[in-house]
Amino acid sequence: MRKVVVTGMGCVSGLGANKTTTWDSLAAGKSAIRPVSVSPQGQRELSFAGAAAPAVTDALDNLAARYEDKQLNVDLFSNFAAAATLEALEDSGVWGDAAKLSEAAIIYGNASGGNAAIEAGYLRLFLSRLNNVHPLTIPRLMNSAAASHLSMLFGIRGHCLAIASACASSAHAIGEAMHFIRSGRSSIVITGGSDASLTFGSLQGWKALQAMAPDMCRPFSIDRKGMVLGEGAATLILEDEEHALKRGARIYAEVAGAGSTSDAAHLTQPNAERAAAAIRAAHADAQLDEDAPVLFSAHGTGTRLNDRSEASAFRLAYPSRSSGHVVIATKSAHGHMLGATGAMEFVIAILALTKKLAPPVLGFLGPDPECDLPLALEPVKLSCHAAVSASFAFGGLNSVLIAKIPNSG
Amino acid sequence: MNVERELQTIIGNKVKDPLEAGTKLMDAGLDSLDVIELAFDIEDRFKVQLPQIGAELISFTYGDLCRLVEKQLEAKADDALVAPAATISS
């Protein structure tokens with residue numbers, strides 16, 4: 001079986017316009033979450049007031065400097081994807097190699113599609129009572145718009161599609177990309193995910209679920225109040241190890257395994273047994289013993305239900321209490337980036353492994369007896385060689401990824 | 001309203017250099033989707049309806065497009081003059 005490695009990474013979010021600024025913010029314990037007020041354009045009497053983690057204002061600057069406005073005439077979720085992918089491609093060294101890019105594949109996740117495009121259309125129709133919408137409404141909102149945008153901007157002509165599995169979309173995308181390379185169907189796959197859901201309608205939808213915290217995302221903490229939305233994208237360049245070594249590429253980590261399960265139970269209530277089954281499946285795929293110390297990047301949304309269920313899943317999957325695992329939950333810093341969040345957290349987990357530092361869980365008010373986990377409440381030095389990144393999405397869709405850094409056992 | 005100047009602003013989103021009256025839109029680099037979007041922007045900005053479906057505009061010159069918009073604006077003005085009378089008579 002072919003080994004799959006990560007040779008490039010990029011990300012944009014509230015923490016930064018690239019992985020360097022993102023990591024610096026994380027290591028410094030900074031959170032991008034802040035109070036926001038969002039109204040539809042020209043409709044001040046309608047507003048969402050709460051907390052969110054909007055992308056940094058320079059998130060698209062590098063992209064805009066390289067491409068013309070006409071090429072970037074898409075929904076924000078597609079341009080977030082492009083900004084993260086531009087960084088990842090440059091990082092990987094395949095940027096500018098038209099032949100390699102032409103043969104590459106794209107498997108890219110998102111949960112929500114073009115929220116702004118949808119809402120702009122509805123505003124015209126139902127509020128302005130106009131009888132038409134912008135002609136690019138459909139091509140901007142479709143879930144595959146980001147994948148197509150990447151293909152067109154960067155000249156990637158192989159297998160190209162979008163994966164949608166709510167908040168596990170990009171984790172599933174990375175797992176599928178790993179299998180795609182393992183099976184020999186491509187030597188390079190551009191994968192990850194993006195979402196831009198800080199629009200009035202989307203925020204109201206999440207608020208209606210009563211899952212939103214008013215101020216801060218506090219994963220696994222006592223008195224946690226819920227999730228906080230973020231936005232952005234994260235991209236990884238996955239490559240057949242042999243192909244990467246042949247061209248002398250820098251290798252960040254091996255994508256060693258992926259496990260996924262479905263709860264087959266409830267749209268919003270998670271199931272600890274099936275989440276634990278996904279963790280076990282990932283370990284089996286990666287041939288990594290559950291007792292080996294790992295960095296565990298939790299889904300950690302900060303909702304009462306998710307965190308309690310996830311802590312149960314963790315105890316089921318890792319029954320030994322002496323394994324020395326370290327748990328991080330970075331949604332407390334970048335917010336819940338929905339279809340981008342699995343990829344964002346996988347990128348962060350790989351950075352943490354390579355830098356040998358676990359970024360702290362933020363907003364923690366005190367332990368919850370139902371969430372007894374070995375949390376990194378301060379930056380923790382790491383000596384482990386593997387990271388497990390968990391995504392447990394609405395609809396009961398679970399996806400767990402495992403990365404190993406070189407020389408790991 | 002200076003139709004020509006407004007049109008240049010709208011087309012400026014797609015084409016950097018100002019267009020000559022005799023330049024065909026397709027020769028200026030606009031594709032079928034661009035002209036549909038252009039028609040939408042023109043209708044929004046001038047509050048007129050263009051009789052052609054957007055895609056047909058691709059074979060228009062820039063001068064043709066200016067004249068078309070001016071014609072539609074005149075027709076709209078004529079309608080506005082007639083409309084109050086119609087309202088009174090009803």
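What follows draws every value from the coordinates through simple rules; no lab data is involved. Please read all numbers here as calculations on a predicted model, not as lab measurements. Positions of Cβ are generated from backbone atoms using ideal geometry, with glycine treated the same way; all protein chains shown enter the neighbour counts.
A few points about this structure:
- Gaussian network model of chain A, springs between alpha carbon atoms under 10 Å - residue of A:Ser320, A:Ser186, A:Ser260 with greatest fluctuation: A:Ser320
- For the stretch B:1-75 and the stretch A:184-248, distance of Cα centres in Å: 41
- Antiparallel bridge percentage (DSSP; both residues within chain A; nearest 5): 65
- Phi angles across the stretch A:391-399 convert, under the Karplus curve 6.51 cos²θ - 1.76 cosθ + 1.60 with θ = phi - 60°, into 3J(HN,Hα) values of 9, 10, 9, 3, x, x, 9, 10, 9 Hz, Gly and Pro given as x.
- Mean Cα-pair separation over length for chain A, i.e. relative contact order, pairs under 8 Å, 6 or more apart, %: 23
- Radius 15 Å from Cβ of A:Leu209, net charge of other residues (Lys, Arg +1; Asp, Glu -1): +3
- Cα-based shape type of chain A, given that a ≥ b ≥ c are square roots of the gyration tensor eigenvalues and the cut on a/c is 1.5: oblate
- The residues packed around A:Ser194, meaning those with a beta-carbon under 12 Å from its beta-carbon, carry a net charge of -3 if Lys and Arg are +1 and Asp and Glu are -1.
- With contacts taken as Cα pairs under 8 Å and at least 6 residues apart, the stretch A:81-221 reaches a relative contact order of 34 percent.
- Positive-end extreme of charge dipole, chain A - chosen from A:Phe77, A:Val12, A:Ile181 (charges on Cβ): A:Phe77
- Per-residue ellipticity at 222 nm from helix content only, as computed over chain A with -39500 (n - 2.57) for each DSSP H run of at least four residues, stands at -10000 deg cm²/dmol.
- Above-threshold pairs, the threshold being 18 Å between Cα atoms, out of A:Lys355/A:Lys404; A:Lys3/A:Lys246; A:Lys70/B:Lys16; A:Lys331/A:Lys355: A:Lys331/A:Lys355
- Prolate/oblate/rounded label for the stretch A:100-222 (Cα gyration tensor, a/c 1.5): oblate
- Exposed loop sites, defined as GluC sites (Glu not before Pro) outside DSSP H, G, I, E and B with at most 13 other Cβ atoms within 10 Å, are absent from the longest region of chain A, namely A:69-409.
- Overall form of the stretch B:3-89 per C-alpha gyration tensor (a/c, 1.5; a/b vs b/c): prolate
- For residues of B:39-47, the mean tally of beta carbons on other chains within 10 Å: 2
- Among A:Thr137, A:Thr303, A:Thr341, the largest mean-square fluctuation in a Gaussian network model of chain A (Cα springs under 10 Å) belongs to A:Thr137.
- Between the Cα long axis of helix B:32-46 and the first principal axis of chain B there is an angle of about 40°, rounded to the nearest 10.
- A:Ser320-A:Lys355 pseudo-label distance in nm [points 7 Å out on the Cα-to-Cβ vector]: 3.0
- Estimated from helical segments only, the mean residue ellipticity of chain B at 222 nm is -19500 deg cm²/dmol, where each DSSP H run of four or more residues counts as -39500 (n - 2.57).
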